[in-house]
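For reference, the structure I am asking about is given below.
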């Protein structure tokens, strides 16, 4: 059986590694000409780290990632709303990692080349079309400008929120749905804050600031690489209809929005000021689909279920997809039946998560406190009860698939 994976991102590469370890022949076709350690930070949650561990990737990840100790929510005045331990610090069998996305993708890329063969990992190949009758994919080879055809018995579209595979089956879907907020993302060298392994979110969904370290050690000056995200409304900026994912931000505009966010545990304006390059990304998703699989073709990761980056679940859910599709193909020889099983297991779960993220998932606690105490509080529990906080956190873990006791029962 010949399997083609379209897309060499986190989902596509993890899928290729997972399938190849089970003996399936796999080829990956990625549009970018090179896989470079670019980008900013992401979080890998314990349910995804469980899978990465089974693939032999946890040890190399641990060398350059931060094992997240706790997650904490604050209001816009820096007052703590909720804090909980994460990963092994919370009693999971696996860590939660904060990691540089580019370094993680390069690790996956090198592993895929090692296990599947360099000759089967094709960069600089853009999918142009699919011939479903003859099971052929047509790619533009960017280096030569030539079109090439690749036969397949199974094609997996893991080509992101602008998926060409998805648009083949849903040609009239249109652009992703813009939330109205823009994520300004960067990395700054700075002194560690709180425990030195804390992920924080401050403010409310309308205006939020997220920060966490992505290097486990400090440099000779005592600095860590701190990944941060300034989440601001786009306002009257209509150019976001163009969905430019590589536009640089105006630092002064961001600083104006956070000029008063100086907490005794973190100086937000200083962190923004210290960044070299800041990039803007429209916070977007798509409506859940009724169907991913069409004969011997299916979708995976952001091609299947693009979601708001709430609860650190985008990359992790793609990794869960990779495990599930591998298991379904191992358990069912008929490709179409295996893809239907995969869809039945993963589509409802991810659809629920997309919709939950539109309601801000576990970050609801920040909006509740903002609504009830916009000027801050003297006693948090006069604003929100401990029971409310715990229920919101637990409900999201169950929806996203990383409730501790249930997850720890898995191998």
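No lab work stands behind these numbers, since they all come straight from the coordinates. Just so it is clear, the model here is predicted, and its values are computed rather than measured. All Cβ positions, even for glycine, are placed from backbone atoms using ideal geometry, and neighbour counts span all protein chains on display.
Obtain the nm distance between the two label points defined at residue 411 and residue 36 by a simple spin-label model: each point lies 7 Å from its Cα along the Cα-to-C-beta direction.
Going by the 7 Å Cα→Cβ label model, 4.2 nm.
Count the DSSP beta bridges whose two residues both fall in the chain, then state the antiparallel fraction as a percent rounded to the nearest 5. Could the numbers behind the result be given before it?
Values: 54 of 72 bridges.
Roughly 75 percent of the DSSP beta bridges within the chain come out antiparallel.
Compute the long axis of helix 10-21 from its Cα atoms, compare it with the longest principal axis of the Cα atoms of the chain, and write down the angle in degrees, 0 to 90, nearest 10.
50
Gain in length, residue 251 to residue 80, computed as 0.36 nm per residue apart minus the alpha-carbon separation, to one decimal in nm?
Between residue 251 and residue 80, full extension yields an extra 58.9 nm.
If R0 is 22 Å, what FRET efficiency do you get for residue 21 and residue 118 from their C-beta distance, rounded to 0.05?
0.85
Listed highest first by mean packing, meaning other Cβ atoms within 10 Å per residue, what order do 214-221, 115-122 come in?
Packing order, densest peptide first, comes out as 115-122, 214-221.
Would you mind computing, in nm to one decimal, how far apart the modelled labels at residue 294 and residue 395 are, each placed 7 Å from Cα along Cα→Cβ?
That separation, rounded to one decimal, is 3.6 nm.
Once a ≥ b ≥ c are taken as the square roots of the eigenvalues of the Cα gyration tensor of the range 70-121, is the result rounded (a/c under 1.5), prolate (a/b larger than b/c) or oblate (a/b not larger than b/c)?
Note, shape of the range 70-121 comes out oblate.
Using R₀ = 25 Å, calculate the FRET efficiency as 1/(1 + (r/R₀)^6) where r is the Cβ-Cβ separation of residue 387 and residue 352; round to 0.05. Kindly include the intermediate steps, with their values, before the conclusion.
Values: r = 23 Å, r/R0 = 0.92.
The pair residue 387/residue 352 has a calculated efficiency of 0.60.
Going out from 0 in 10 Å bins, what whole percent of all Cα-Cα distances in the range 153-310 drops into each bin?
In whole percents, the pair-distance histogram is 10, 33, 28, 20, 9, 1.
Taking the simple approach of a point 7 Å from Cα along Cα-to-Cβ for both residue 223 and residue 264, what is their distance in nm?
According to this spin-label approximation, the distance is 2.7 nm.
Normalising by the residue count of the range 312-411, find the relative contact order in percent from Cα pairs under 8 Å and 6+ residues apart.
On the way: 43 pairs, mean separation 23.4, N = 100.
This gives 23 percent for the range 312-411.
Cβ neighbours within 10 Å, averaged per peptide: list 148-154, 10-16 in order, most packed at the top.
Per-residue mean Cβ counts within 10 Å order the peptides as 10-16, 148-154.
What is the fewest-to-most order of 330, 324 by other Cβ atoms lying within 10 Å of their Cβ?
With the sparsest Cβ surroundings first, the list reads 330, 324.
Does anyone have the angle between helix 314-331 and the longest principal axis of the chain? Alpha-carbon axes, 0 to 90°, nearest 10?
That helix lies at roughly 30 degrees to the long axis.
Tell me the relative contact order for the chain as a rounded percent, counting alpha carbon contacts under 8 Å between residues six or more apart.
20
May I ask you to sort 323, 382, 175 by Cβ crowding, counting other Cβ atoms within 10 Å and putting the fewest first? Kindly include the intermediate steps, with their values, before the conclusion.
Details: 323 20, 382 10, 175 13.
So the ranking, lowest neighbour count to highest, is 382, 175, 323.
Oh, and also: Which of 35, 325 comes first, and how do the rest follow, when ranked by fewest Cβ neighbours within 10 Å?
If I rank by nearby Cβ atoms, fewest first, I get 35, 325.
From the square roots a ≥ b ≥ c of the eigenvalues of the alpha-carbon gyration tensor of the range 275-411, which class results: rounded (a/c under 1.5), prolate (a/b over b/c), or oblate? Could the numbers behind the result be given before it?
Working: a/c = 2.75, a/b = 1.86, b/c = 1.48.
Taking the square roots of the gyration eigenvalues as a ≥ b ≥ c, the range 275-411 is prolate.
If you fit an axis through the alpha-carbon atoms of helix 386-400 and take the longest principal axis of the Cα set of the chain, what angle between them do you get, 0 to 90°, nearest 10?
With rounding to tens, the tilt is 10 degrees.
Rounded, prolate or oblate: which fits the range 86-213, taking a ≥ b ≥ c as square roots of the Cα gyration tensor eigenvalues, rounded meaning a/c under 1.5, else prolate when a/b beats b/c?
prolate
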